[in-house]
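Read-outs: derived from the displayed coordinates by stated rules, not from any lab. What you see is a predicted model, and the numbers here were worked out from it, not measured in a lab. A quick note on method: Cβ atoms are made from the backbone with ideal geometry, for glycine too, and the neighbour counts reach across all protein chains shown.
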Amino acid sequence: MGGLFSIAVCHILLGASVAWLLYSERRIGFPRIAIAVAVFLLWTVASLVASGDPVTGWPQIRKFYVWLMLGVMYTAVRRQDQRNMLLLGVAGAGTLSACWSLVQFAIKYRRAAAAAKPFYEFYIADRITGFMSHWMTFSGEIAIALAILLAWLLLDKPRGRTVILGWAAAIVLATAQLLGMTRSMWAATAISIIYLVWRWRPQYLLALPVLGAAIVFVAPEPVGSRITSIWRPSKLDSNQHRVLLRATGVRIAAAHPAFGLGPEQIKKHFLEYTPPEAPKPWPIEWYYGHLHNIYIHYAAERGIPAILALLAFLGMALWHFARRGDWPAQAAAACILGVLVGGWGELNLGDSEVLSTFLAIIGCVYAAPEELDA
């Protein structure tokens, strides 16, 4: 849960957890699918060596620390009530962050009015962030929290006051996700909801297109403008530069398929690989240190084998969880689907806050399933 409040706090707690497990002489274990993670991390090291610039790429090696979350949760969570409490704690922390984001939205709305500026233009470059430092991180965390909460509400079928509280929290999370205006996370949230509805009442899937159409046609501003920007972008939108970022990444991966350019090297060599149709000079507001796409970015940065290893990890986890019947496993499956879809528009697993929360969920749901679900 620490990742939903502060990445510094999360890292401190992770380190304390590792120290405690070592002190208590408990061997830190990992689920079997961690073999794919090991390949991804080892290939990252090989890519770093091949790049010839280990100093620039060191921050990505340092980020290996976050992956310990998978083992810590897999080792520390031993009972079903612990697992459920942790998952609902993530949903609760996400709800608190969402509540604060709604206050932020109201403040920004008033500031735009005071400045006599169109709200969409005022807001799109400085959106709500909740407890996070960036709106993309915030929306990634909200997508995970909402998937967990809906899995619990739809598949565990709680009763009494908890149902009211649960649905109230879900409404807050969904509202914050809409107002966050991150289209890739809208898609991630949508696929998680579709999956969970399919597992709950497949026949209700027929109602989702109607609901989606209703949102498109009745959404108030600025949500309406953001929705229509998906197919009719304005000069403020990122559609065109995302296309060119992907094209650049494909050219890099084609030129360096084995090890990529190396960790943190894309920013350094980006302009050498921009496609001929890219504007010259490249608009400074389009330039990023990453390619806003986990598939193309990791292939270009670390090589095609690295992204295949990461996809093997995600694919095997999804396969294992989708075959189980308990709501935590279905929540984890919905989160994985959200990460896979959202990853087309954002480097979501490159974000330490999102990665730590995601790995905590995977680790605790994998933890000794024969004991937890007996």
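Structure notes:
- GLU121-PHE217 FRET efficiency (beta carbon distance; Förster radius 25 Å; 0.05 resolution): 0.60
- Kyte-Doolittle mean at least 1.6, axial Cα span of 18 Å or more - DSSP H helices of the chain: 7-23, 34-51, 135-151, 304-322, 352-366
- Sorted ascending by nearby beta carbons within 10 Å, beginning with the fewest, SER101, SER51 become SER51, SER101.
- In this Cβ point-charge picture (+1 for Lys and Arg, -1 for Asp and Glu), the chain has a dipole of about 440 debye about its Cα centre.
- Length-normalised contact order of the chain in % [C-alpha pairs under 8 Å, at least 6 apart]: 29 percent
- Applying both filters, DSSP loop and at most 14 other Cβ atoms within 10 Å, to the trypsin sites (Lys or Arg not before Pro) of segment 31-76 gives ARG32.
- Taking label positions 7 Å along the Cα-Cβ direction at both LYS267 and ASP53, the computed distance is 1.1 nm, reported to one decimal.
- Charge dipole (Cα centre; +1 on Lys/Arg Cβ, -1 on Asp/Glu Cβ; no other charges) of segment 247-374 amounts to roughly 420 debye.
- On the beta carbon distance between LEU22 and LEU205, with R0 = 45 Å, the FRET formula returns roughly 0.40.
- Per-residue Cβ neighbour rank within 10 angstrom, fewest leading, PHE217, PHE321: PHE217, PHE321
- Per-residue ellipticity at 222 nm computed for the chain from its helices equals -21500 deg cm²/dmol, with DSSP H segments shorter than 4 residues left out and the rest contributing -39,500 (n - 2.57).
- DSSP-assigned coil residues among trypsin sites (Lys or Arg not before Pro) in segment 152-217, each with at most 10 further Cβ atoms within 10 Å: ARG159
- Around the amide H of GLY262, modelled in the peptide plane, lie the amide H atoms of ARG302, all under 5 Å away and 5 or more residues distant in sequence or on another chain.
- Stretched out straight at 0.36 nm per residue, the stretch from ALA114 to ASP81 would grow longer than its current Cα-Cα span by 6.9 nm.
- Between the amide H of HIS292 and those of LEU347, distances stay under 5 Å, these residues lying 5 or more places away or on another chain, with hydrogens modeled in the peptide plane.
- Sorting TRP20, TRP200 by the number of Cβ atoms found within 10 Å of their own Cβ, with the fewest placed first, yields TRP20, TRP200.
- Counting only residues at least eight positions apart within a chain, or on another chain, the lysines with an alpha carbon under 27 Å from that of LYS117 are LYS108, LYS235.
- Highest average packing first - 127-137, 146-156, Cβ atoms within 10 Å: 146-156, 127-137
- Separation in nanometres of the label points that stand 7 Å from Cα toward Cβ, at ALA8 and TYR65: 1.3 nm
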